Amino acid sequence: MTTLPRPAAALSADEARRIALKAQGFLGAPDRRSGVRGVLRHLGAVQLDTISVLARSHELIPYARLGRVGRRAVEEAYWQAGSPGASPARPHAFEYWSHAACILPIEEWPHFAFRRRAYRGRPHWNHDLPDGVYDQVIKQLRGEGPLTATELGGAKKTSEWWDWSGTKVAVERALMYGEVVCVERRGWKRVYDLAERAVPGELLHDELDDTECLRRLVRLAGQSLGVGTRADIADYHRLKGEQVDAVIADSGLVPVEVEGWGKPAWADPAALAAPPRGRHRTTLLSPFDSLIWDRARTERIFGFTHRLEAYVPKPKRVHGYYAMPVLAGGRLVGRVDPAREAGGILVARQVTLDGPKAVPAVAEALIEAASWVDCTTVRVERVDAPELREPLLKEVTRALIAALR
């Protein structure tokens, strides 16, 4: 790395934590008027994932910030183009590779030109592309689109998840190149269309050079994080450290020193100018929420070690298949591994509590989540601290009765 400028400010660990919470939409009054689309623009990226326990992760992200927003309204906010009376219809989002597979604001299409160029220049792929299939896919989308891979001719050669058909290879390659765009998820299948048809004309270009693209994404990452290290900022849109180094001095972010971090950090100057105040959200968090998707950052800010155990063999799991951290008072105070059963039952299969003070918050988070997914009953199974089981059951019952009044 190059020589670093002197820090413009010194932050305590608590100040940095509050700035991060504010930047991620968990401190202060939520912007309900801008709704789900406002959350997407504010975060800059909402990660997608196939797992659905309480709900899918891209639904959980706005729920965690806005509360009981309708699940159908979430999907429509992401994918429904235009607004009443608007013509032509204008999409609000597209799916592309950012932190992972993410929903991104459509306005950021030009700033991923650097990644599209990089994909076009890749020397090899994991899947072979049969001759002529790429052109056939583009021709079919031009004549019939938007279409899923199945509608294009089939997504897989066999039942194995990794065994893509030539059609699937072609359309995914076109997606990475930017010739095709994912405009919707339908039954969890990507719906593809030609970028020339789906992306607004003023945004449909790769004119920005790599430096300008990277400068924009580094600035957006810093704004979405509030304050972060070089690694934090790079991880947000999965940039390389040297890419961050090349542009951070001109990104608009300012260098700061954070107590206990032990590494240089940068902050959004707007976050420094307005000390974060307001009410904290109490909620369950998706493991893929951008507040906590980086394990090292989560440990540094919250002193909380979290690992998604869905892909860990069951005997080796510590906190459960899809343990969701519980945020309350600006702290991570426990975990809940949820499930849903017939009859409107939300099951807390395993609950971890950070002491007795966490009991009311975890109960509140459970009851709100149950209401959101139309469950009328909450059943608590295992509590890691046996002495807290009865207090938690009483608090859940009290909160449930209060919610039904």
- request: Could you rank ASP337, ASP374, ASP245, ASP250 by how accessible they are, 1.4 Å probe, largest area first?
  value: ASP374, ASP250, ASP245, ASP337
- request: Beta carbons within 10 angstrom, averaged per residue: use that to sort the peptides 375-388, 185-198, highest first.
  value: 185-198, 375-388
- request: Could you check how much of the accessible area of the stretch 243-374 is carbon and sulfur, as a whole percent, using a 1.4 Å probe?
  value: 51 percent
- prompt: Considering only Cα-Cα distances, which of the following residue pairs are longer than 21 Å: LYS156/LYS314; LYS357/LYS394; LYS156/LYS189; LYS240/LYS263?
  reply: LYS156/LYS314
task: First measure r as the distance between the Cβ atoms of TRP97 and ILE51, then evaluate 1/(1 + (r/R0)^6) with R0 = 22 Å and state the FRET efficiency to the nearest 0.05.
output: 0.70
- prompt: Quick one: of the DSSP bridges fully inside the chain, what percent are antiparallel, nearest 5?
  reply: 80 percent
message: Could you tell me how far the Cα centroid of the stretch 338-388 sits from the Cα centroid of the stretch 114-147, in Å?
response: 46 Å
statement: Once GLN136 and LYS263 are pulled to full extension, the length gained, defined as 0.36 nm per residue separation minus their Cα-Cα distance, is 40.6 nm
- request: Counting helices only, and only those DSSP H runs with n ≥ 4, report the 222 nm mean residue ellipticity of the chain as the sum of -39,500 (n - 2.57) divided by its residues, in deg cm²/dmol to the nearest 500.
  value: -11000 deg cm²/dmol
field: Using alpha-carbon coordinates, inclination of helix 359-372 to the longest axis of the chain, degrees
entry: 50 degrees
- prompt: Between LEU48 and residues 5 or more places away or on another chain, which pairs have amide H atoms under 5 Å apart, with H built 1.01 Å from N, and which residues are they?
  reply: ALA101, CYS102, ILE103
task: Calculate one ³J(HN,Hα) per residue across the stretch 140-157 by plugging θ = phi - 60° into the Karplus curve 6.51 cos²θ - 1.76 cosθ + 1.60, and present them in order as whole Hz with x for glycine and proline.
output: 5, 5, 5, x, 10, x, x, 9, 7, 4, 4, 5, 6, x, x, 8, 10, 7
message: If each residue of separation counts as 0.36 nm, what is the full-extension length gain between VAL312 and ARG379 once their alpha-carbon separation is subtracted?
response: 21.7 nm
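If packing is taken as the average number of other Cβ atoms within 10 Å across a peptide's residues, how do 71-79, 347-355, 201-209, 322-330 rank, most packed first?
Numbers: 71-79: 17.0, 347-355: 20.6, 201-209: 11.9, 322-330: 22.4.
Order by mean packing, descending: 322-330, 347-355, 71-79, 201-209.
Expected output is a single nm value to one decimal: the length gained when fully extending between LEU208 and GLN80, i.e. 0.36 nm times separation in residues minus the C-alpha distance. What is it?
On the way: separation 128, 0.36 × 128 = 46.08 nm, distance 2.75 nm.
That works out to 43.3 nm of additional length.
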query: Once the Cα atoms of helix 389-404 and of the chain are each reduced to a long axis, what angle between those two axes, in degrees from 0 to 90 to the nearest 10, is obtained?
result: 70 degrees
- request: Give the accessible surface of the chain per residue, rounded to a whole number of Å², with probe radius 1.4 Å and ligands, DNA and RNA excluded.
  value: 47 Å²
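The values are calculated or read from the model by the stated rules, or taken from the named source; none is laboratory data. As the structure is a computational prediction, the values presented were derived from the model and not from experiment. For neighbour counting, all protein chains shown are included, and Cβ atoms are generated from backbone atoms with ideal geometry for every residue, glycine included. Note: areas computed on protein heavy atoms with side chains; ligands, DNA, RNA excluded. Shrake-Rupley method; radii C 1.70, N 1.55, O 1.52, S 1.80 Å.
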